[in-house]
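Participant: Next up is a structure, given as structure tokens.
The values are calculated or read from the model by the stated rules, or taken from the named source; none is laboratory data. Small disclaimer: the values here were computed from a predicted structure and weren't measured. Here the Cβ is made from the backbone with ideal geometry for all residues, glycine too, and neighbour counts use every protein chain on show. Quick note on the areas: whole protein, heavy atoms, side chains included, nothing else; ligands and nucleic acids left out. Shrake-Rupley method; radii C 1.70, N 1.55, O 1.52, S 1.80 Å.
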Amino acid sequence: MTKTDTRSAWLSPEELRDARDRLPIVYVDLVPVRVDERSAVTSVGLLLRASQDGEIRRELVSGRVLYHERIRDAIIRHIEKDLGPVSLPQVPLSPQPFTIAEYFPTPGVTAYHDPRQHAISLAFVVVVMGDCSPQQDALDLAWLTPTEACAVALTGDMTGGHGVLLRQAMAHLGFPI
């Protein structure tokens, strides 16, 4: 993987606030999975995080795509940032999202809501092969069976539309919701 220079590509808090006020920001939403020797999904990884209002919620791995950063590099960077440097994400040579989500700061425009901004997110299922542990601000990482993940996706415990994305990912993988 080519190292992305985050110093020159990263916006200051003020620049990011100004950009969010003027244009959609590109993100990736990632559903980490483990597979067996036949590449059948055996478990789905969900993060547990505390929100700014103090609620504890399950979330997907997600984050911004930096200026001059390839999508595959953004996927690897965010998986490693949230799941650890030895998570060993297996990203295809030409990654294809299972869906595209459009987040709006106004609730109800779409199923996806982000009060900070208008954002476009490419959503991917990513196989991870290495040791994973919650990093950064994640409190926990739970590996659920596909059946358990489908149940969590239906509970409404995931904020901002992540439950909708998880349902779409599970359907994309062939699991009934």
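Participant: Given the condition in contact (Cβ under 8 Å) with a residue 24 or more places away in the chain, in contact with a helix residue (DSSP H, G or I) (Cβ under 7 Å, 6 or more places away or on another chain) and either under 26 Å from Glu148 (Cα atoms) or surrounded by 13 or more Cβ atoms within 10 Å (Cβ to Cβ) (or both), answer yes or no: does some residue in the stretch 74-84 qualify?
Facilitator: Taking every residue of the stretch 74-84 in turn, none turns out to be in contact (Cβ under 8 Å) with a residue 24 or more places away in the chain, in contact with a helix residue (DSSP H, G or I) (Cβ under 7 Å, 6 or more places away or on another chain) and either under 26 Å from Glu148 (Cα atoms) or surrounded by 13 or more Cβ atoms within 10 Å (Cβ to Cβ) (or both).
Participant: In the list Leu60, Leu88, which residue meets the criterion of being in contact with a strand residue (DSSP E or B) (Cβ under 7 Å, 6 or more places away or on another chain), at pLDDT 95 or above and on the phi > 0 side of the Ramachandran plot?
Facilitator: The conditions single out Leu88.
Participant: Here's something else I'd like to know. Within the stretch 142-176, track down each residue that is under 17 Å from the mean Cα position of the chain (by Cα), of a type in the set (A, V, I, L, M) and not in a loop (DSSP other than H, G, I, E, B).
Facilitator: Within the stretch 142-176, Ala142, Leu144, Ala149, Val152, Ala153, Met158, Val164, Leu165, Leu166, Ala169, Met170, Ala171 meet the criteria.
Participant: If you don't mind, there's one more thing I want to ask. Of all the residues that make up the stretch 102-146, how many are free of Cβ contacts under 8 Å to residues at least 24 places away in the same chain, surrounded by 13 or more Cβ atoms within 10 Å (Cβ to Cβ) and of a type in the set (A, V, I, L, M, F, W, C)?
Facilitator: Number of matching residues: 1.
Condition check ((1) in contact with a His (Cβ under 7 Å, 6 or more places away or on another chain); (2) among the aliphatic types (A, V, I, L, M)) across all residues:
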residue	(1), (2)
Ser121	no, no
Val126	no, yes
Ser133	no, no
Asp140	no, no
Val152	no, yes
Asp157	no, no
Gly160	yes, no
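Participant: I've got another one for you. I'm trying to understand the selection: among the residues of the stretch 29-57, which are more than 22 Å from Gln135 (Cα to Cα), open to solvent by 60 Å² or more (accessible area, probe 1.4 Å) and in a loop (DSSP other than H, G, I, E, B)?
Facilitator: Listed by number, the residues that qualify are Glu37, Arg38, Ser39.
Participant: Within the stretch 81-108, track down each residue that is part of a loop (DSSP other than H, G, I, E, B), in contact with a His (Cβ under 9 Å, 6 or more places away or on another chain) and not hydroxyl-bearing (Ser, Thr, Tyr).
Facilitator: Phe98, Pro105, Pro107
Participant: If you don't mind, there's one more thing I want to ask. Is it true that Tyr67 is touching a Ser or Thr at 6+ places or on another chain (Cβ under 8 Å) and of a type in the set (Phe, Trp, Tyr)?
Facilitator: No, not satisfied.
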